[in-house]
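This report concerns only the one structure given below.
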Amino acid sequence: MDTSEFNTKEGMVNKMLKFTTLIYSLLIMVVLAGCASNDSTSLKNEELNEQTDTEEKVNETALDYDGDGGYLWKVVNGETTMYLLGSIHLGHEKFFPLATEIEEAFENSDVILPEINMFEAEVDKEKINKMALFDDNTTLDDVLSEEFYAKLSDIFEAHGMPVETFNHYQPWFVEGLLADLVTKQSVLTPEYGVDLYFLKRALENDKEIVDLETIETQYEVLSGFSMDTQVQVLQSYIETYEEQADWLNQLGYNWVHGNNNSNRDAFVKQLSDRLESVDKEYKEEFNDTRNINMANKLDEILQNDSGQTYFVMVGSAHVVIDPSVPSELEEKGYKIERIY
């Protein structure tokens, strides 16, 4: 495989957009998967973009995205203040500005903590490619049922992507490619993702940015799932592929109108249903373990008591699905104040 397909475009913003789907596969796989309850070469990102740029957006005018958005908590320890925002990695231009409480929390912060600072992220292309490929003679058509392999072939064929091109790739990576296609059909885009919105402003305002995770560790989570789990998630995704863009559009709507109790409940239910639709291993690795690790890192910062103000932004699944980051901090004895 030619690893040049992972190369970034010119400029930092394009770099962020280039990797958004694959880097944030952890979120996308949760919010899109399971609606119901070795010389092959993968398609270059540029080709994916060209094939989907002309596709009709799903329900572009059906939902009003003019809202306040977000889920915000506050933690204080000594002279140190920490804000914790449950964000969404894809967004709409009408999202912004967000609620006054969120905007002010960012403005008052000295240090910004995203899951990953994509403006500085370095990707080990060969390592990720090695993770994505089967490490033996197994192929995708060996692990998928004949029915689902045929359905996957139809989806890829509609985008000029012969399924045989991806036959040496593991299900988690193939799902990432499908997620990219779905994202292009949705009215939500990485360009207006909440993470990117605040990261760009952090750079403009010379705020310090500190990663909570790394690209490699996120890919290790994806590639570390058992084959049974990977197959389950991918087949659920294939089964409901036509519904995914509408579902994602609704998720964005519920997020940006989260100040309304009914939308907030609907948003949490969307995420909860997805996690519950996949086996226990998936939830534990995607949500539980990562949340515990992030909470431990935030605990270290709070205990250090630098006197600075921190603005943490992680995908909303990490703040609303227990054990969540806020609930883990509460377990450590912190008083968590929900301020939005």
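Among the residues of the stretch 69-102, those that are more than 14 Å from V312 (Cβ to Cβ), among the charged types (D, E, K, R) and touching a Phe, Trp or Tyr at 6+ places or on another chain (Cβ under 9 Å) comprise E93, K94, E101.
Looking across the stretch 212-248 at every residue that is of a type in the set (D, E, K, R) and under 15 Å from the mean Cα position of the chain (by Cα), the one that is nearest to L84 (Cα to Cα) is identified as E213. Taking the listed residues N254, N291, N287, the one that is farther than 28 Å from M227 by Cα and of a type in the set (S, T, N, Q) is N254, with no other qualifying. Within the stretch 222-234, the set of residues being open to solvent by less than 50 Å² (accessible area, probe 1.4 Å) and either farther than 11 Å from E281 by Cα or touching a strand residue (DSSP E or B) at 6+ places or on another chain (Cβ under 6 Å) (or both) comprises L222, S223, V231, V233, L234.
The single condition among (1) open to solvent by less than 60 Å² (accessible area, probe 1.4 Å); (2) charged (D, E, K, R); (3) assigned to a loop (DSSP other than H, G, I, E, B) that E216 does not satisfy is (3). Residues that are surrounded by 17 or more Cβ atoms within 10 Å (Cβ to Cβ), within 18 Å of the chain's Cα centre (by Cα), under 29 Å from D322 (Cβ atoms) and not polar (S, T, N, Q) are absent from the stretch 119-139.
Does at least one position in the stretch 181-190 carry a residue that is over 19 Å from the mean Cα position of the chain (by Cα) and surrounded by fewer than 23 Cβ atoms within 10 Å (Cβ to Cβ)? No: the stretch 181-190 contains no residue that is over 19 Å from the mean Cα position of the chain (by Cα) and surrounded by fewer than 23 Cβ atoms within 10 Å (Cβ to Cβ). Here the strands (runs of 3 or more DSSP E) wholly within the stretch 56-154 that include at least 3 residues being polar (S, T, N, Q) are 80-87. On the given criteria, is K332 more than 30 Å from K127 (Cβ to Cβ), open to solvent by 60 Å² or more (accessible area, probe 1.4 Å) and modelled with pLDDT under 95? It is false that K332 is more than 30 Å from K127 (Cβ to Cβ), open to solvent by 60 Å² or more (accessible area, probe 1.4 Å) and modelled with pLDDT under 95.
The values are calculated or read from the model by the stated rules, or taken from the named source; none is laboratory data. These numbers come from a predicted model, not from an experiment. Because the Cβ atoms are built from the backbone with ideal geometry, glycine has one as well, and the counts that use them run over all protein chains shown. Accessible surface areas use protein heavy atoms only, side chains included; no ligands, DNA or RNA. Shrake-Rupley method; radii C 1.70, N 1.55, O 1.52, S 1.80 Å.
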